[in-house]
Amino acid sequence: LKIGVLTPTSGPEAYYGNDMLKAYNLAVKEINDAGGVLGYTFETYHADDGCDASMASQAATKLISAEPDFIVGGYCSGATMPTLQLFYDEELVTLISAANSTYITKLGLENVFMVNSPGSHAVQSLGKLCNNLGVSKMALIHQGDSYTQNLSDLATAAMPDYNVSVVATEVMEKGAADVTAIVTAIRNSGADIVYWCGYFADGSNVIKQLRQGGYTGEICVGDGSSSPELITGSGEAGQGVYVTSPPYVEFSAGGADFVKNFQAMHNVDPGTYATLCYDTIYILKEAIERAGSIEYAKVRDEVQKIDYQGLSGRIQFTDDRELLESNFIILQIDNGAFKLVELK
């Protein structure tokens, strides 16, 4: 059975895309070594979406031409969304492991399931963090794309439930070197916490310039920046920064064995979305077993009904095919490493 994999393995988000592909391949190897499913083995066929909408559409066409049986992947929401109608038209069950904009499920495509928690879950964790820290004025920074603006909009809508006012919303152009104007606006707003809704490549620069510009309040970043690269890139300025993060392997039950197996196969450590991608393949396996078939509608319906306890947590889907229970955790950069933050 051919599993089409759509991730960015070039461009600024290649770290994530390569990590995702490695996790898929580990799960495939384990399943094949154990005898496969219904007499079938799995193989992956990858296409690089570059985290770019135009490139993603071409990559999706490439995958479809290879006649896959299923589709997994999806890191950048803005690159993932243009591909989904194509996969729907081909009747391909599509499991999205990382992209989590609620715009995805608003498309209403019955074949598309988000294995990662939606952004609405991220802002719930953010609100609880704000209450724990005793902050009440938030500034948001997004980059105008499907993921970052969606996360900013969700935070704007949710924060009043936590008695937090959004006092500034700034838009940063991707790759912008100088964000002095944004830093000045945030300082003048009186915000006591900044929530960066973008990816780590620009997030590190934002964190450094906020501190260099005299901002002394709390900083939190979204799951698009949940990467060791954020720690490296932000340097000393990153100390104390919080992250609303997907389930991180070192804090997951069974994570030690997973890390050992991942390292043995790939000779590198797993990254942020490795657990979700690993679970994605096992969800597919279980759905096929329950369906007793690889027929599209039967597998789709079994995915919809699934109740699976994976490395990333409990996986069930709502009627609109979002993850039912939040898998988000709060991390904090502490002396060059992430530590888990327990919220009261």
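The values are calculated or read from the model by the stated rules, or taken from the named source; none is laboratory data. Small disclaimer: the values here were computed from a predicted structure and weren't measured. Ideal geometry is used to build each Cβ from the backbone, glycine not excepted, and the neighbour counts take in all protein chains shown. Heads up: the accessible areas ignore ligands, DNA and RNA and are worked out on the full protein's heavy atoms, side chains in. Shrake-Rupley method; radii C 1.70, N 1.55, O 1.52, S 1.80 Å.
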Rounded to the nearest 10 degrees, the helix 274-291 long axis (Cα) sits at an angle to the longest Cα principal axis of the chain of 30
Expressed in angstrom and ordered largest first, the alpha-carbon extents of the range 271-339 along the principal axes are 50, 21, 16
Rounded to the nearest 10 Å², the 1.4 Å probe accessible area of residue 51 is 30
What helix-only [θ] at 222 nm does the chain give? Using -39500 (n - 2.57) per DSSP H run of at least 4, over all residues, to the nearest 500, the answer is -13500 deg cm²/dmol
Computed curve, the range 1-134, Cα-only Debye sum without solvent term, log₁₀ I(q)/I(0) at 0.16 Å⁻¹, is -0.80
Computed over the chain: longest principal axis from alpha-carbon atoms vs helix 180-189 long axis, angle to nearest 10 degrees, is 70
Here the gain from full extension of residue 298 to residue 335, 0.36 nm per residue of separation minus their alpha-carbon distance, amounts to 8.4 nm
Heavy-atom accessible area of residue 260, protein chains in place, probe 1.4 angstrom, given in Å² to nearest 10, is 140
Expressed in µm² per second, the diffusion coefficient of the chain from the Stokes-Einstein equation, with Rh the Kirkwood radius over alpha carbon pairs, at 20 °C and 1.002 mPa s, is 106
Env charge @ residue 309, Cβ radius under 13 Å, K,R +1 / D,E -1, value -3
If every Lys and Arg gets +1 and every Asp and Glu gets -1 at its Cβ, then about the Cα centre the range 48-139 yields a dipole, in debye to the nearest 20, of 760
The Cα extents of the range 187-344 along the principal axes, largest first and rounded to whole Å, are 61, 38, 30
Distance in Å, no decimals, from the C-alpha centre of the range 292-335 to the one of the range 1-66 is 18
The correct ranking of 93, 268 by accessible area at 1.4 Å, largest first, is 268, 93
For residue 138 the rounded accessible area (nearest 10 Å², probe 1.4 Å, non-protein molecules ignored) is 0
Ranking 102, 44, 180 from most to least accessible area with a 1.4 Å probe gives 180, 44, 102
Measuring from the longest principal axis of the C-alpha atoms of the chain, the long axis of helix 200-212 (C-alpha) lies at a number of degrees, nearest 10, equal to 10
Here, residue 65 and residue 212, labelled 7 Å along Cα→Cβ, have an inter-label distance in nm of 4.5
Answer in debye to the nearest 20: the dipole magnitude of the range 101-209 about its Cα centre, from +1 Lys/Arg and -1 Asp/Glu charges placed on Cβ, is 220
Taking only the alpha-carbon positions of the range 157-253 as identical scatterers, the Debye log10 I(q)/I(0) at q = 0.19 Å⁻¹ comes out as -0.93
With the dipole of the chain defined by +1 on each Lys or Arg Cβ and -1 on each Asp or Glu Cβ, the option from 94, 188, 55 whose Cα lies farthest towards the positive pole is 188
For residue 137, counting only lysines whose alpha-carbon sits under 19 Å away and dropping same-chain residues fewer than eight positions off, the answer is 128
Straight-line reach check, residue 2, cutoff 22 Å on alpha carbons, 8 or more apart in-chain or any other chain, hits among lysines -> 22, 29, 62, 285, 298
Put 211, 300, 314 in order of accessible area, largest first, probe 1.4 Å, and you get 314, 211, 300
For the range 258-263, Karplus-derived ³J(HN,Hα) couplings (6.51, -1.76, 1.60; θ = phi - 60°; whole Hz; x for glycine and proline) come out as 4, 4, 4, 5, 5, 5
HN-Hα couplings for the range 169-179 via Karplus (6.51, -1.76, 1.60; θ = phi - 60°), in whole Hz with x for Gly/Pro, come out as 10, 10, 10, 10, 5, 4, x, 5, 7, 10, 10
Carbon and sulfur atoms account, in whole percent of the 1.4 Å probe accessible area of the range 155-199, for 47
Rounded to whole Å², per residue accessible area for the range 124-195 with a 1.4 Å probe reads 43
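State to the nearest 20 debye the size of the charge dipole of the chain about its Cα centre, where the only charges are +1 on K and R beta carbons and -1 on D and E beta carbons.
Values: 21 positive and 42 negative charges, 135 e Å.
Once rounded to the nearest 20, the dipole reads 640 debye.
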For the range 263-342, whose charge dipole is built from +1 on Lys and Arg Cβ atoms and -1 on Asp and Glu Cβ atoms, the candidate among 308, 335, 281 with its Cα farthest towards the positive end is 281
